[in-house]
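Colleague: One structure is given below, represented as structure tokens, and several questions about it will come after.
The values are calculated or read from the model by the stated rules, or taken from the named source; none is laboratory data. Note that the coordinates shown come from a computational prediction; the quantities given were computed from them, not determined experimentally. In this analysis, Cβ positions are derived from the backbone assuming ideal geometry, glycine residues included, and neighbour counts consider all displayed protein chains. SASA here: full protein model, heavy atoms, side chains in, ligands and nucleic acids out. Shrake-Rupley method; radii C 1.70, N 1.55, O 1.52, S 1.80 Å.
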Amino acid sequence: MASSVEEESLQTVAFMELALQQAKLAMDSLEVPVGCVIVEDGEVIASGRNRTTETRNATRHAELEAIDVLLEQWKINGLPEAEVAKRFSRCTLYVTCEPCIMCAAALSILGIEEIYYGCANEKFGGCGSILSLHTSISEPCMSGRVPCQKGFKCTGGIMASEAVSLLRKFYEQGNPNAPKPHRPPIQRVQD
């Protein structure tokens, strides 16, 4: 009989594999390969992949795509606004790359319970690489004026090599959607 730690570890890997599938779908669509799934009570209830190029909207990161799917489902099902925070507080997000500052802030405000991510995001990471938005805010919130950040548990390095491999493959093939540089690259003079 497997211990609960082993079962949790197997479950974490299984959910991260689903997030990696979303990342591959993003790459197939010429998007930066980041994908995620949101899980509640051991079941995937939403998934998302980067769609910034497709939508021409820089906020369409995998996490926000999944959040929007979930919010729309809950709205259709008539979930009262007061229940939304309670539902998010029971959810876990599995994402292939550390959430950026924007996504980590949104997840904190929504009150997500926990996040597992693959590789670190050295340029924009909001879960420790640049900022630590997953830690709870000790200052009182300005009720009604500024949303409160609640903080969440965060674990990185889950299947990181697979996530990095997808990102490396994407950038090595060249990003056809990247803006063209306005000036030519600097030629280095060798001594």
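Colleague: How much area per residue is accessible in the range 5-54 when the probe is 1.4 Å and only protein heavy atoms are counted (Å²)?
Modeller: Per-residue value: 49 Å².
Colleague: If you average 1/r across every pair of different Cα atoms in the range 66-130 and take the reciprocal, what Kirkwood value do you get, in Å?
Modeller: Averaging 1/r across every pair of different Cα atoms and inverting gives 12.5 Å.
Colleague: With the crude spin-label approximation of a point 7 Å out along Cα→Cβ, what separation in nm comes out for Leu79 versus Ser132?
Modeller: Placing both labels 7 Å along Cα→Cβ, they lie 3.0 nm apart.
Colleague: Given just the C-alpha atoms of the range 53-92, how large is their convex hull per residue in cubic angstrom?
Modeller: 79 Å³
Colleague: Whose amide H sits under 5 Å from the amide H of Cys154, counting only residues 5 or more places off or on another chain, with H placed in the peptide plane?
Modeller: Close amide H contacts, sequence-distant or interchain: Ile115.
Colleague: Now for a separate question. Run the numbers for Val69 and Lys123: contour at 0.36 nm per residue of separation, minus the present Cα-Cα distance, in nm.
Modeller: Here the segment from Val69 to Lys123 would lengthen by 16.7 nm.
Colleague: Determine the principal axes of the Cα atoms in the range 1-97, then give the extent along each, sorted from largest to smallest and rounded to whole angstroms.
Modeller: Taking max minus min along each principal axis of the Cα atoms, the range 1-97 gives 49, 34, 16 Å.
Colleague: Computing the accessible area with a 1.4 Å probe over protein heavy atoms, can you report the carbon and sulfur percentage for the range 1-132?
Modeller: Answer for the range 1-132 is 53 percent, counting heavy atoms of protein chains only.
Colleague: Net charge near Cys119: determine it from the other residues with C-beta under 11 Å of the C-beta of Cys119, scoring Lys and Arg +1 and Asp and Glu -1.
Modeller: -2
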